[in-house]
Amino acid sequence: MIGPGLDHRSGGCGVREAEPGQPPWLAVDAWVHSRDASVWQVPRTPSAADVSALRATVRALADDPAAELSRTQLADGSRTVCGLLALRYPGGTVELRVPPFAAVQLGIGERGRHTRGTPPNVVQLDAATLLRLAGGSLTWDEAVAAHVVRASGIRADLATLWPLPELG
């Protein structure tokens with residue numbers, strides 16, 4: 001029983017079992033958010049297959065910057081990049097948004113986790129720009145100069161994050 005009248009095994013609310021070592025409330029939270037299109041879920045640890053697929057997508061963009069990527073490639077690539085960044089920079093001083101596919105809070109700079117609301121430093125960009133930055137075919141300065149990145153806050157300069165070493 002997860003809560004009064006919410007027996008997830010009865011099929012009444014569709015809540016899945018918690019992962020081993022995961023608090024039970026996360027299973028409920030994951031079920032609720034999986035049905036909420038406004039919440040962008042990012043895997044905590046991208047798999048080797050995710051990184052391999054990201055490598056192929058980034059290579060395709062490097063070979064042809066005007067390449068048309070499928071929505072699935074853009075979504076999976078964005079979520080994998082955000083997952084890799086979250087592993088490297090845990091915290092919450094900067095929020096990186098890639099609508100409509102992903103968003104992640106990163107610990108950049110010497111301040112710790114921002115605990116209430118949206119962090120004061122927000123960076124927003126499209127998925128193709130994120131993938132080009134991750135692969136190194138676009139620099140941060142070029143992206144800012146081309147106005148394809150919207151950044152606000154004193155720690156919103158993410159130039160040192162790119163390219164991702166996992167893609168080298």
Next on the checklist: Looking only at residues that are of a type in the set (S, T, N, Q) and modelled with pLDDT of 95 or more in the range 73-95, which one is farthest from L130 (Cα to Cα)?
Outcome noted: Q73
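Rundown of residues vs (1) modelled with pLDDT of 95 or more; (2) exposed (fewer than 15 other Cβ atoms within 10 Å of the Cβ); (3) under 20 Å from L158 (Cβ atoms); (4) within 12 Å of the chain's Cα centre (by Cα), yes/no style:
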| site | (1), (2), (3), (4) |
| --- | --- |
| A30 | no, no, no, no |
| A37 | no, yes, no, no |
| W40 | no, no, yes, yes |
| S52 | yes, yes, no, no |
| R55 | yes, no, no, no |
| V58 | yes, no, yes, no |
| R97 | yes, no, yes, yes |
Checklist entry - So which residues in the range 144-160 are more than 16 Å from P99 (Cβ to Cβ) and either touching a residue at least 12 places away in the same chain (Cβ under 8 Å) or not assigned by TED's automatic domain parsing to the domain that holds V81 (or both), if there are any at all? => result G153, I154, R155, A156, D157, L158, A159
Next on the checklist: Please go through (1) in contact (Cβ under 8 Å) with a residue 40 or more places away in the chain; (2) surrounded by fewer than 19 Cβ atoms within 10 Å (Cβ to Cβ); (3) among the hydroxyl-bearing types (S, T, Y) for S70 and return the number of the only condition it doesn't satisfy.
Outcome noted: (1)
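The values are calculated or read from the model by the stated rules, or taken from the named source; none is laboratory data. As the structure is a prediction and not an experimental result, all values here were calculated from the model. Counting neighbours? That spans all protein chains shown, and the Cβs are built from the backbone with ideal geometry, glycine included.
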